[in-house]
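One structure below.
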Amino acid sequence: MKTVLFLCTGNYYRSRFAEIYFNWHAPKRGLSWQATSRGLGLDPCNLGPLSMHTILRLRELDIPVTGGQRLPLPVKGDDFATADHIVAVKATEHRPMIERRFPEWLERVEFWEVHDLDCAGPDEAMPGLEQEVVALITRLAEQT
C-alpha cells in the first residue's frame, strides 16, 4: 500500500482532517493508498488530540473520526522517507519550515494554500481542503 503524508503546523486541525477525509474517500475510488499526517511545529496550547473544528466537520459529512484519538505527532525525517507522496497544506506557512528543517525533502513536497484559523474560519478552509483532497485522489486514481 502506498502512503500520502499530510503536513500542517500543529497536526491538530488541517492535516488531521485531510488524513481522515482521504482515508474515507480513497478506498471508495479503489485506491490502495493510506494517508497519515504530522506537524511541523506542534503547539502545546492545542488541547486534546484533535481540533473541534475537524471533529464537527467530519460529523457533518458523516465520516467517522477514525484515528482521532491519537495526539498530534511531530514530523521526522523517516516520515518523509517512507511517504510515497507528501503534501504541505499551506505553502506560505510550511515551505519555510521545511526549507529550514528538512531541505533535502523540499522537492518532493506538493504545496497547497489552505489557511489556518488565523486567516480563515473553518467554513472557508474546510471546503477548500476537501476540494484539494478530492483532486489529489483523482490524480492518484488516474496514475493507477
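The values are calculated or read from the model by the stated rules, or taken from the named source; none is laboratory data. None of these values were measured; they are calculated from a predicted model. Every residue, glycine as well, gets a Cβ built from its backbone with ideal geometry; the counts of neighbours run over all protein chains shown. Note: areas computed on protein heavy atoms with side chains; ligands, DNA, RNA excluded. Shrake-Rupley method; radii C 1.70, N 1.55, O 1.52, S 1.80 Å.
At a glance:
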| item | result |
| --- | --- |
| Complete set of residues in region 44-96 that are surrounded by fewer than 18 Cβ atoms within 10 Å (Cβ to Cβ) and hydroxyl-bearing (Ser, Thr, Tyr) | THR66, THR82, THR92 |
| Any chance THR9 is within 14 Å of LYS90 (Cβ to Cβ), open to solvent by 10 Å² or more (accessible area, probe 1.4 Å) and either of a type in the set (Ser, Thr, Tyr) or in contact (Cβ under 8 Å) with a residue 12 or more places away in the chain (or both) | yes |
| Single residue of region 78-97 satisfying the filter (more than 25 Å from SER32 (Cβ to Cβ) and free of Cβ contacts under 8 Å to residues at least 60 places away in the same chain) that is nearest to the chain's Cα centre (by Cα) | ALA91 |
| Enumerated helices (runs of 4 or more DSSP H) restricted to region 38-135, each holding at least 3 residues that are of a type outside the set (A, V, I, L, M) and under 16 Å from HIS25 (Cβ atoms) | 52-60 |
| Test: residue in region 15-29 that is surrounded by fewer than 18 Cβ atoms within 10 Å (Cβ to Cβ) and either touching a Lys or Arg at 6+ places or on another chain (Cβ under 9 Å) or not in a helix (DSSP H, G or I) (or both) | no |
